[in-house]
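A short worksheet on the structure shown next.
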Amino acid sequence: MLKVSNLYINYGGIQAVRDVSFEVHTGEIVTLIGANGAGKSTILKTISGLMRPKSGLITYEDQPIQNASSATIVGAGISQVPEGRHIFAGMTVQENLEMGAFLKKRGTDMSSTFKDIFARFPVLAERKNQDAATLSGGEQQMLAMARALMAKPKLLLLDEPSMGLSPIYIQKIFDIIQSINEQGTTILLIEQNAKQALSIATRGYVIASGEIKLEGTGKELLGNKQVQSAYLGG
Ligand SMILES: Nc1ncnc2c1ncn2[C@@H]1O[C@H](COP(=O)(O)OP(=O)(O)OP(=O)(O)O)[C@@H](O)[C@H]1O
Ligand SMILES: [Mg+2]
């Protein structure tokens, strides 16, 4: 579904991503794990068209997208939940969700989409008329995910969805990711929380200093000694 080949990404003269290649197949949950500054968010931003690579190829459903606009990429079925959520303050929960569907044709009936979203995220239904800025951190994360789902993506890119959340919310977020996947959305997940990410992942890649160092199934990486000592707390 998504194929990244020999990707190099620079910030000015600084090389942030070096010769990265990986694939996401339809139906998978693929996770990228790695320490702070490894280049994970840079890769995700480049897939969603917010940054341009220096070289390399990104294909989605066999079409090159590395020079496509973000709007084209969302339209093709890729939505991103950025690191740090970026919900729109001063807008209600409902209005935030409407923004997620901004590419849908005017006049399209959104009521069934809202129904699905509110069934999955009951807390958002309860708070749909509340200013999004007044939601708790965990609720904002739910909103960011729900907003991305409003576009009905085929591929969902998640950048550290569990960041800053309490254990109970972390578990909730991982359960939701799994159920979104089971209902047919392919997922590319970036996480610091490597143990939980690998537990739900079909496959994973370990990134350090902008390069892929290891790859395997979620299970293989969970059992890997190097991964255990570097990312799973020994
Ligand atoms: N706008 C920028 N200008 C210059 N350097 C940047 C910029 N954004 C990121 N970098 C650098 O690129 C490297 C990769 O950053 P990136 O945000 O992709 O890391 P990450 O793996 O997502 O880390 P984290 O887990 O902390 O979010 C880092 O060394 C970072 O300092
Ligand atoms: Mg990051």
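Points to keep in mind about this one:
- Of all aspartates and glutamates in the structure, those lying under 18 Å Cα to Cα from Lys154, and not within fewer than 8 positions of it along the same chain, are Glu23, Glu28, Glu61, Asp62, Asp116, Glu182.
- Loop-located trypsin sites (Lys or Arg not before Pro) in the stretch 57-107 (DSSP state not H, G, I, E or B) with no more than 12 neighbouring Cβ atoms inside 10 Å: Lys105, Arg106.
- Hz values of 3J(HN,Hα) by residue in the stretch 13-18 - Karplus curve (6.51, -1.76, 1.60), Gly and Pro given as x: x, 9, 7, 9, 9, 10
- Based on Cα atoms of the chain, Rg over Rh with Rh as the Kirkwood radius reads 0.96.
- Legend: calculated FRET efficiency, Lys115 to Gln228, from the Cβ-Cβ distance at R0 = 45 Å, rounded to 0.05, equals 0.55.
- Computed E for Ala125/Ile14 - FRET, C-beta separation, R0 25 angstrom, nearest 0.05: 0.05
- Net charge, Glu95 excluded, C-beta distance under 13 Å - Lys, Arg +1, Asp, Glu -1: +1
- The helix-based estimate of mean residue ellipticity at 222 nm for the chain, built from -39,500 (n - 2.57) per DSSP H run of four or more residues and divided by its residue count, is -10500 deg cm²/dmol to the nearest 500.
- The alpha carbons of the stretch 3-103 stretch over 42, 30, 26 Å along the principal axes, in descending order.
- Separation of the Asn36 and Ser5 label points, Cα + 7 Å toward Cβ, nm: 3.7
- Accessible-area composition of the chain, carbon plus sulfur, in percent [1.4 Å probe]: 51
- Value in Å of the Kirkwood radius, where the stretch 56-190 supplies the Cα pairs that are averaged: 15.3
- The HN-Hα couplings worked out from phi for the stretch 51-67 by the Karplus form 6.51 cos²θ - 1.76 cosθ + 1.60 (θ = phi - 60°) are 9, 9, x, 6, 7, x, 10, 10, 10, 10, 6, 6, 9, x, 10, 5, 10 Hz, whole numbers, x standing for Gly and Pro.
- With distances taken between every two different alpha-carbon atoms, the stretch 130-196 has a Kirkwood hydrodynamic radius of 12.4 Å.
- Each Lys or Arg adds one and each Asp or Glu takes one away; over the other residues whose Cβ falls under 14 Å from the Cβ of Glu139, this sums to +4.
- Using the Karplus relation 6.51 cos²θ - 1.76 cosθ + 1.60 with θ = phi - 60°, the per-residue 3J(HN,Hα) values for the stretch 73-83 come to 5, 4, x, 6, x, 10, 10, 10, 9, x, 4 Hz, with x marking Gly and Pro.
- Helix axis angle, 111-120 relative to the chain longest principal axis, alpha carbon, degrees: 60
The values are calculated or read from the model by the stated rules, or taken from the named source; none is laboratory data. Everything numeric here is computed off the predicted structure, so don't read it as measured data. Heads up, the Cβs are rebuilt from the backbone with ideal geometry, glycines too, and the neighbour counts pull from every protein chain shown. Side chains included, ligands, DNA and RNA excluded: accessible areas come from the protein's heavy atoms. Shrake-Rupley method; radii C 1.70, N 1.55, O 1.52, S 1.80 Å.
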